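Q: Input: one structure, supplied below.
None of the figures in this text is laboratory data; all of them are computed from the coordinates on show. Quantities reported herein were computed from a predicted structural model and do not represent experimental measurements. Positions of Cβ are backbone-derived with ideal geometry, glycine not excepted, and every protein chain shown enters the neighbour counts.
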Amino acid sequence: MTELGLVPPSDLDAEGAVLSAILLSPEALDRVESILKPEHFYADCNRLIFSAARSLAAQGRPCDMPMVVGFLRDANALQRAGGSPYMAELMGQPSVVRLEETARRIVDKWRLRSLIRQCDEIRAEAYGGVGLVQEFVQDAEARVYSVAQDAERSETLHRANDVMRQCFTETAEARKAGKPTGLSTGFLSLDRRIGGLKPGRVYVGAGRPGMGKTSFLTHVAKSVALSTAPARGVFLASVEMPAKQIGDRLIAQESGLDTRFIENGVLNPNQWRQYTDAVNVIGKWPLLIEEQGGLAIPRLRSSLRRAARTLERDHGTKLGMVGVDYLQLMTDDGGGKFSNENDRITKISSGLLAIAKEFNVPVVLLSQLNRECEKRQDKRPQMSDLRGSGSIEQDAHTVILFFRGDVYREPRDRDRTAEFIVAKCRGGQVGTTKVGYLDHCTKFIDEPDDDPADEYARAAAELGEQFDEQMDAQHWTEN
């Protein structure tokens with residue numbers, strides 16, 4: 001009973017049905033062991049019986065009723081588990097058809113009990129001294145969210161047949177569409193090279209100051225925010241620039257107006273119409289901007305939880321992409337001491353990879369490069385120029401280095417071209433993709449070049465109408 005006199009949520013019938021199946025069939029435990037833990041059971045006796053069955057299975061021994069009874073008796077726990085009469089009662093339970101679904105119902109009841117317990121603890125702590133209120137609120141939010149997250153964790157063990165089904169589906173969709181299945185970056189040649197943006201991965205965009213890192217991020221953010229089937233929301237964490245400055249860049253890119261004119265309000269009537277049109281268009285995007293200097297991983301995680309709720313409420317969309325500008329300005333969570341900068345960056349980098357997997361979204365992470373590239377004759381960056389830690393290179397699925405040769409020339413010699421140097425891409429193609437760059441509005445222009453990545457486009461075009469979905473389906477047989 002709770003302090004309000006209420007019985008905590010539980011389903012004793014479901015608990016009994018699952019235990020009965022385990023005692024009767026050696027395969028039942030294998031089917032539910034990845035779902036259930038002993039603490040998920042409400043009744044102490046059921047918790048003891050399930051623990052005994054798991055212990056026997058771990059030893060390679062049968063977990064039928066005689067073995068479980070003997071195990072509990074040897075541990076002097078048989079009476080606490082209900083004794084032989086209760087075990088016999090379990091054996092008389094009707095068989096359960098949907099065993100995994102019944103096990104998940106037990107977990108759902110446990111989650112409700114956990115939520116009640118967390119809220120009771122938070123309430124009790126709030127009446128006492130909590131120190132910094134903001135930290136207490138963030139901690140409380142994290143504790144409640146951890147309960148919600150438990151049900152969203154996917155299975156870690158996958159059958160080969162299930163993996164092949166997923167592989168086939170994604171490849172068939174890409175073949176039919178003639179383009180990668182990941183979210184588009186807004187640059188077709190780059191998409192063909194890296195396969196688009198896919199959830200659970202970190203994409204690093206790195207460059208020296210003035211190379212267009214933030215411009216790249218806002219371009220990608222626009223592409224994802226305008227994606228359809230389904231629509232996707234975007235979260236940008238700006239550690240360097242104020243939100244207003246990010247907004248000015250978005251307006252300049254959308255309208256084509258000079259950023260200096262926008263910031264200073266030097267706009268003629270025609271330009272003002274362009275400006276207001278861009279403002280109205282961008283204002284409808286499912287885009288959220290977090291302006292936070294010294295952003296730490298715990299704060300980012302908390303902000304993302306709020307962002308996901310806001311996007312769902314205001315736009316009816318799910319979070320589709322996270323952008324961070326930029327890595328080296330982030331801070332650790334304040335709880336660790338690091339002997340050098342590399343250790344600090346390593347912790348932050350691994351935290352961002354964990355966020356990509358936890359929220360099942362691509363994280364586009366901007367990073368600075370050190371000055372080594374400027375000592376080279378051609379000034380082109382290399383992956384070894386990543387500033388701070390080799391862990392950035394390790395954690396990233398893809399590393400894109402930005403290079404604009406005109407930055408090192410006199411203004412009159414500028415040729416308005418830029419290079420996206422894909423230095424690393426798991427499952428993709430490293431190499432250079434050329435794009436245009438409009439300096440006055442800080443905007444990259446997608447200009448697909450005739451590079452090896454375009455072989456993808458030519459091959460897809462040749463397929464054309466030859467793609468027959470029904471014919472392909474015949475090649476897939478589910479076991």
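Q: Neighbouring Cβ atoms within 10 Å as the yardstick, rank I49, I122 fewest first. Don't jump to the answer; show the numbers that get you there.
A: Numbers: I49 31, I122 17.
Ranking I49, I122 by Cβ neighbours within 10 Å, fewest first, gives I122, I49.
Q: Where the only charges are on Cβ atoms (+1 Lys, Arg; -1 Asp, Glu), what is the dipole of the stretch 181-469 about its Cα centre, to the nearest 20 debye?
A: Details: 40 positive and 40 negative charges, 193 e Å.
I would put it at about 920 debye.
Q: With 10 angstrom as the radius, rank W110, W285 by how many other C-beta atoms surround their C-beta, starting from the fewest. Provide the component values of the computation, followed by the final result.
A: On the way: W110 22, W285 17.
Neighbour counts put them in this order, fewest first: W285, W110.
Q: Relative contact order (percent) for the stretch 166-265, with alpha-carbon contacts under 8 angstrom and 6 or more residues of separation? Mind dumping the intermediate values first?
A: Numbers: 67 pairs, mean separation 17.5, N = 100.
Relative CO of the stretch 166-265 lands at 17 percent.
Q: Find out how many positive minus negative residues lie around E374, taking Lys and Arg as positive, Asp and Glu as negative, among other residues whose Cβ is under 11 Å from that of E374. Before the final figure, lay out each step's value.
A: Values: positive: R208, R371, K375, R376, K379, R380; negative: E372, D378, D385.
Local net charge: +3.
Q: For every other residue with a beta carbon closer than 15 angstrom to the beta carbon of L257, add +1 if it is Lys or Arg and -1 if Asp or Glu, then tell me the sum.
A: Values: positive: R249, R260, R273, K443; negative: D248, E254, D258, E263, D277, D439.
Charge balance near L257 sits at -2.
Q: Sort 74-86, 428-440 by the packing proxy (mean of other Cβ within 10 Å over each peptide's residues), most packed first.
A: Numbers: 74-86: 14.8, 428-440: 17.4.
Result, highest mean first: 428-440, 74-86.
Q: If a/c stays under 1.5 just call it rounded; otherwise compare a/b with b/c (prolate if a/b is bigger, oblate if not). Do that for the stretch 225-347, with a ≥ b ≥ c from the square roots of the Cα gyration tensor eigenvalues. Present the calculation step by step, with values, prior to reporting the outcome.
A: Values: a/c = 3.21, a/b = 1.55, b/c = 2.07.
Since a/c reaches 1.5 but b/c is at least a/b, the shape of the stretch 225-347 is classed as oblate.
Q: Setting aside same-chain residues fewer than 8 positions from K284, which lysines have a Cα under 20 Å from its Cα?
A: Leaving aside lysines fewer than 8 places away in the same chain, those within reach of K284 are K222, K244, K318.
Q: Give, as ranges by residue number, the residues of the stretch 199-229 whose backbone N falls under 17 Å from the point 7 Å along Cα→Cβ of E393.
A: It comes to 203-208, nothing else.
Q: Can you give the charge dipole size of the stretch 12-150 about its Cα centre, rounded to the nearest 20 debye, using +1 on the beta carbon of Lys and Arg and -1 on the beta carbon of Asp and Glu? Mind showing how you got there, number by number?
A: Working: 16 positive and 20 negative charges, 52 e Å.
Here the size comes out at about 260 debye.
Q: A further question on this structure: Under the rule a/c < 1.5 gives rounded, and otherwise a/b versus b/c splits prolate from oblate, where does the stretch 181-469 land using the Cα gyration tensor?
A: In terms of gyration-tensor shape, rounded.
Q: Would you please classify the overall shape of the stretch 12-150 from the alpha carbon gyration tensor, given that a ≥ b ≥ c denote the square roots of the eigenvalues, rounded means a/c under 1.5, and beyond that prolate means a/b larger than b/c while oblate covers the rest?
A: Details: a/c = 2.73, a/b = 2.20, b/c = 1.24.
The shape class here is prolate.
Q: When the chain is fully extended, how far beyond the present Cα-Cα distance does R61 get from L115, taking 0.36 nm per residue of separation? Intermediate values should be presented prior to the final figure.
A: Details: separation 54, 0.36 × 54 = 19.44 nm, distance 3.60 nm.
Answer, rounded to one decimal: 15.8 nm.
Q: Arranged from highest to lowest average of other beta-carbon atoms within 10 Å per residue, in what order do the peptides 201-210, 32-41 appear? Kindly include the intermediate steps, with their values, before the conclusion.
A: Numbers: 201-210: 21.6, 32-41: 17.7.
Result, highest mean Cβ count within 10 Å first: 201-210, 32-41.
Q: Please rank S184, S367, fewest neighbouring Cβ atoms within 10 Å first, as an exposure proxy. Show your work: numbers first, answer last.
A: Values: S184 17, S367 25.
Final ranking by Cβ density, sparse to dense: S184, S367.
Q: If you average the sequence gap of Cα pairs under 8 Å that are 6 or more apart and divide by the length of the stretch 12-150, what percent do you get for the contact order?
A: It rounds to 31 percent for the stretch 12-150.
Q: Right, next: Give me a comma-separated list of calculated 3J(HN,Hα) values for the stretch 232-248, in order, Karplus coefficients 6.51, -1.76, 1.60 applied at θ = phi - 60°, integers in Hz, x for any Gly or Pro.
A: 10, x, 10, 10, 10, 9, 9, 8, 9, 9, x, 4, 5, 5, 4, x, 4
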